Structure formats: C-alpha cells, structure tokens
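Just so you know, all these numbers are worked out from the coordinates, no wet-lab data involved. Here the structure is a predicted model, which is why all the values come from computation and not from measurement. Quick reminder, even Gly has a Cβ in these numbers, built from the backbone with ideal geometry, and neighbours come from all protein chains shown.
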C-alpha cells in the first residue's frame, strides 16, 4: 500500500472535513474534540458498549452539544456517514482521528476503513494523541491475557518457515510483555520503550517490565519519545527494513495508544509479512480518570495513488 507518513504540528489551523474521537470515560477523551470541533465540518463520536463512568457524561454532553454523529461497534464509519447524507464522499479529504482513549479493537476497525476503503481514497489522515497527566499505575492481577492477532491486521506470511521476530511496545502492564514472549517463543525480541514528559512514567514502565528487560540485549531496546510519534515511526521503519525478508515480524503494541496506531499503519505500509497482535487483560474494575497534560502530538498518513 502506498502510504506517505509525515509529521503533525499542533495547533493545526486548516479545515478538517472529518473529526473522529472516542466518547470514553477519561476526561482527555474529549480534549481534542473540545479543541478542534470548530475546525471540523463533520464530527463523529465513537461509543463503547460499556465504561459509561467517570467523565463519560461530560464527554457525551459535549458530543450532543456539538451535533456530532454517533458511531457504535456494530456499525461501519461509512454507513454512519452515508446515512446522514447519501452520496457523501470523503475521497481526498483531511480526516483527524484522536486515538487517545480508543481501545485496540475500535482503532483497528476504523483504520481498516480509513486505509483500505475507496470511500476514503486519497485522504490525508491526521492521527493525534493527547498526553495524559501521570498517574501511578494500579497493580492488577490478571485472570486472563487476551493474546491474538488484531482483526484486520493479522497479516499472512508467504514464508512460514522464516524465524519469528517479536517487536514489543512496552507499557505499564506487568507480565503482558513476558507473556507475549512465552507464547510466541520468537528467535529474537526487540522492545520499544516509551519516554514521556514525566520521569516517573519511565521509572514505572521499567518496573513493570523488569523481568523482560533483564534478558533483552540493550542494543535491541529502542527508546522512543512519546512526544514525537514521527520519530518513533522512523525508528520502527528502520528496524522493519532490517528484518524484512529474513524473518516473520510480529508487532505487539502495548503502552501509549499512539504507538499502537503506528503499528497498524506500518502493517499496511509494509504488507502481510508483518502481523499485529493484541495483548490485553484490562478490565473496568480498576478504571480511573485521566486528564490531558501538555501538547497534542501525532503524525500524518496520506494515501497516495496506487501504482499499476
């Protein structure tokens, strides 16, 4: 797929044809919408079937006040837009997607449409993310770990005999990364370690992943700045180029949602020799609010004309 990845700068002052965001329980779920709704011709709020707690009512009220369309997991984005205005087209349009409070499943279903559908052919996608204020992670004992290919991004290798290489995005989640290594038993493991704007974040990520970091070579740990997703993309692109053709690459994004979005974009950009897996055991029992803190960061994906 012919995708061009470039940087994004906040504030963005040009008109946006479509703004998509999650109406979630975190206060920061509405941060981008509150800032950019006036720039958007059309806005769509994605609703989860549960988690209507904490700041959900505030975010829901904002969506209602601005007249944004409502999208649920059993609907496609295209169907919601076309039901509002039949014959509507978003080809060659500018679309902003806020992934700050989206889970991996919601993000995947949206990216499948935005990156694959002719309805969005030629579009420019601004993928944005609100940095959250630091919160001490809550210790969770997981009853299960949902570990499987991410729907729509599982890939399909033509070379199943090649050794598997695991590329992990690290986060707060204790035991998730080690569980992924034990499940896949890769020939090699690389870790993308997020560096935030609060030193406490780095300390807690280190604590959560200490057993894994002790066995992974330092040369295979890539420290990327959460404040610069475009730089993180280039780090990932360089690694993928070095592995293509000699291994099967499995991306397992944990940690900041912006990194998860980059994994999906890379899978589309490099093709089916890459696979994206999800590793999740999160429940709503320990859900808590998160407020935006600092700049809105992101990157831009442009769907270029396909050759051939």
Apply the a/c threshold of 1.5 to the C-alpha gyration tensor of segment 16-83 and tell me whether it is rounded, prolate or oblate. oblate
How do 176, 62, 241 line up, fewest other C-beta atoms within 10 Å first? 241, 62, 176
Under the rule of -39500 (n - 2.57) per DSSP H run of 4 or more residues, summed and divided by the residues of the chain, what mean residue ellipticity at 222 nm is obtained, to the nearest 500 deg cm²/dmol? -8500 deg cm²/dmol
Once you compute Rg and the Kirkwood Rh from C-alpha atoms, what is the Rg to Rh ratio for segment 24-128? 0.93
Separation of the residue 84 and residue 50 label points, Cα + 7 Å toward Cβ, nm: 2.9 nm
So for 257, 35, 41, fewest C-beta neighbours within 10 Å to most, what's the order? 41, 35, 257
Using the 10 angstrom Cβ neighbour count as an exposure proxy, how do 36, 230 rank, fewest first? 230, 36
Taking 0.36 nm per intervening residue step and subtracting the Cα-Cα distance, what contour gain separates residue 14 from residue 220 on full extension? 70.2 nm
How far is it, in nm, from the label point at residue 138 to the one at residue 162 when both lie 7 Å from their Cα along the line to the Cβ? 4.1 nm
Considering the chain as a Gaussian network with a 10 Å cut-off on Cα pairs, which listed residue, 80, 32, 297, attains the greatest mean-square fluctuation? 80
Any chance you could check the Cα centroid distance between segment 125-177 and segment 1-70 for me, in angstrom? 23 Å
In this structure, the FRET efficiency calculated for residue 206 and residue 113 from their beta-carbon separation, with R0 = 25 Å, to the nearest 0.05, is 0.10
Which value does Rg/Rh take for segment 146-286 over its C-alpha atoms, Rh per Kirkwood? 0.94
Taking only the alpha-carbon positions of the chain as identical scatterers, the Debye log10 I(q)/I(0) at q = 0.07, 0.11, 0.12 Å⁻¹ comes out as -0.26, -0.65, -0.79
